[in-house]
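Data first, discussion second: the structure below is written as structure tokens.
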Amino acid sequence: MAKNRDEILGRLLENRGRYISGGSLSSDLKISRTAVWKQVSELRKKGYLISAIPNQGYRLEREPVLLDSEKLRGSSIFYYQSVDSTNLIARRHADEGAPGYSIVVAEEQETGRGRLGRSWFSPRASGLWFSMILRPHMLTPANAGPVTLVAAAILANHFAGQYGLPLKIKWPNDLLIRGKKVGGILTELRGELDLVEYLVVGIGINVNQEQEEFPKDLRKISTSLSIESGEIYNRTDLLLSLRDSLVRGFNRFFTDGFAPFYMPWKKYNVTLGQKVTLSWQGGLLQGKALQLTLNGALQIQDNRGEIHTINYGELI
Ligand code: BT5
């Protein structure tokens, strides 16, 4: 199998800029067209951008560009090729004593995770999939609630300021550009009832993917920075600059709380003022997103006029 894949890659590289027909690959390698297509899919998963046109065949558009491990060295960034989930690896590092603000980043995640057991599509060498360990002093789990919102505000501000990209926040953890999901945040914590030992803030951002690289079920609802701006990003520089913004931002949060992030969050959010449906207590709560509290909870006014304050949930 791997031999066929290498052969196909070799042929694509030799014929750079030209289409090679599936038929000729299949007869040269003595495998079925379906087998050719399967190997092309595998190459795509590894970060090769390969276009396909009926009657013309396959063409290599781009090879994967990996993160620059030299540049990341000595910066408390643990770099992996492939992991199950960077959040899980970060938890392991944190349990072994890794300091606050360490980052785990991987080229690909085999089982990237969203919230509530959902999965996060994390193909090789095209996005940024990373987790930052936070070690706050004397933070209670109750006060850790806004961490996801703080991360979202930092990210939106970073992309607006440094890249001119109109990132928006959908409460609590979705990052959108023009209504499509470009990233998400998964925050987990370890601690006791009254004290947080550490937090892991997992961040996934689609960076250089093309639309056709997303699986069918995500194609209409997702986007990447590259799709939105037409540029290809240097993911190493992006990661390092994001790390600086996150360190600065979380430092501020741990000293001054959520207050400094309240207005930025409101500036970038697309939730307040909207009709929303929240999956809640096993059912649905419908109403209008009225306001964000100073603790980062969402106030929803239901259709009977009653106001509910929601700390954690899922808008659908
Ligand atoms: C999230 O969950 O949005 C949190 C995603 C966090 C991912 C990072 S990557 C680094 C770290 N390590 C991990 O294992 N996770 C974190 P949620 O709100 O539950 O959204 C999940 C839903 O988003 C899925 O059910 C899909 O519909 C959609 N989705 C999955 N992959 C996507 C992608 N790459 N781009 C856009 N949407 C995606």
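Only the coordinates and a few stated rules stand behind these numbers; no lab work does. Since this is a predicted model, take the numbers as computed values, not measurements. With ideal geometry, Cβ positions are generated from the backbone for all residues, glycine too; neighbour counts draw on all protein chains shown.
If you take the beta carbon distance between residue 293 and residue 237 as r and set R0 to 30 Å, what does 1/(1 + (r/R0)^6) give as a FRET efficiency, to the nearest 0.05? Numbers along the way, then the final one.
Values: r = 36 Å, r/R0 = 1.21.
Efficiency for this residue pair is about 0.25.
Give the range of the longest stretch in the chain that excludes all trypsin sites (Lys or Arg not before Pro) found in loop regions by DSSP and having at most 13 other beta-carbon atoms within 10 Å.
Working: sites that count: 16, 18, 30, 73, 118, 178, 220, 304.
Longest gap between qualifying sites, sites excluded: 221-303.
Between residue 165 and residue 27, what's the calculated FRET efficiency when r is the beta-carbon distance and R0 is 45 Å? Round to 0.05. Display every interim value, and only then the final one.
Numbers: r = 46 Å, r/R0 = 1.02.
In this case the efficiency is close to 0.45.
Could you bin all the Cα-Cα distances of region 95-252 into 5 Å bins starting at 0 and give me the percent of pairs in each, rounded to whole numbers?
Result returned by the calculation: 2, 9, 19, 23, 21, 14, 7, 4, 1, 0.
Out of region 200-256, which GluC sites (Glu not before Pro) are coil in DSSP terms and have no more than 14 other C-beta atoms within 10 Å? Don't skip to the end; give the middle numbers.
Working: sites: 210, 212, 213, 228, 231; in loops: 210, 231.
Answer in residue order: 210, 231.
What is the Cα centroid distance between region 1-43 and region 106-139, reported in whole angstrom?
Between the Cα centres of region 1-43 and region 106-139 lies a distance of 32 Å.
Can you give the extra length, in nm with one decimal, that the chain gains between residue 46 and residue 272 once fully stretched, where that is 0.36 nm per residue apart less the Cα-Cα distance? Don't skip to the end; give the middle numbers.
Numbers: separation 226, 0.36 × 226 = 81.36 nm, distance 3.93 nm.
Result for the pair: 77.4 nm of gain on full extension.
Under 8 Å for C-alpha pairs, at least 6 residues apart: give me the relative contact order for the chain, rounded to a whole percent.
Values: 583 pairs, mean separation 40.1, N = 316.
Value for the chain: 13 percent.
Once the dipole of the chain is set up with Lys and Arg at +1 and Asp and Glu at -1 on Cβ about the Cα centre, which of 19, 289, 207 lies farthest towards its positive end?
Final value for the positive-end residue is 19.
Using amide H atoms built 1.01 Å from N in the peptide plane, name the residues 5+ places from residue 47, or on other chains, whose amide H lies under 5 Å from its own.
124
How big is the dipole moment of region 2-62 about its Cα centre under a simple scheme where the beta carbon of each Lys and Arg is +1, that of each Asp and Glu is -1, and everything else is neutral? Debye, nearest 20, please.
Values: 13 positive and 6 negative charges, 31 e Å.
It comes to approximately 140 debye.
Using only helices, what value at 222 nm comes out for the chain when you add -39,500 (n - 2.57) per DSSP H run of length 4 or more and divide by the total residues, to the nearest 500 deg cm²/dmol?
Numbers: 10 runs with 106 residues, N = 316.
Value at 222 nm, helices only: -10000 deg cm²/dmol.
Would you kindly state how much longer the chain becomes between residue 116 and residue 62 on full extension, computed as 0.36 nm times their sequence separation minus their alpha carbon distance, in nm to one decimal?
Working: separation 54, 0.36 × 54 = 19.44 nm, distance 3.44 nm.
Difference between extended and current length: 16.0 nm.
Enumerate the lysines that residue 181 could reach by cross-link, defined here as Cα to Cα under 30 Å, with residues fewer than 8 away along the same chain left out.
38, 45, 46, 71, 168, 170, 216, 220, 266, 267, 275, 288
Enumerate the amide H contacts of residue 167 below 5 Å, restricted to partners 5 or more residues apart or on another chain; note that Pro and chain-start residues carry no placed amide H.
For residue 167, whose amide H was placed from the backbone, the distant partners under 5 Å are 160.
If you project the alpha carbons of region 47-139 onto their three principal axes, what span does each projection cover, largest first, in Å?
64, 35, 17
In debye, nearest 20, what is the charge dipole magnitude of the chain about its Cα centre with +1 on Lys and Arg Cβ and -1 on Asp and Glu Cβ, if you could check?
Numbers: 40 positive and 32 negative charges, 173 e Å.
So the magnitude is around 840 debye.
Distance between the C-alpha centers of region 249-314 and region 185-230? Whole Å please.
That distance is 20 Å.
What residues of region 1-27 lie in the reach of a label at residue 35, counting those whose backbone N is under 12 Å from a point 7 Å from the Cα along Cα→Cβ?
It comes to 1-5, 26-27, nothing else.
Does region 2-62 come out rounded, prolate or oblate by the C-alpha gyration tensor, with a ≥ b ≥ c the root eigenvalues, rounded set by a/c under 1.5 and, if not, prolate when a/b is larger than b/c and oblate if not?
On the way: a/c = 1.40, a/b = 1.11, b/c = 1.26.
It comes out rounded by the Cα gyration axes.
What does the C-alpha gyration tensor say about the overall shape of the chain? Classify as rounded when a/c is under 1.5, otherwise prolate if a/b is larger than b/c, or oblate. Kindly include the intermediate steps, with their values, before the conclusion.
Details: a/c = 2.29, a/b = 1.69, b/c = 1.35.
Because a/c hits 1.5 or more and a/b exceeds b/c, the chain counts as prolate.
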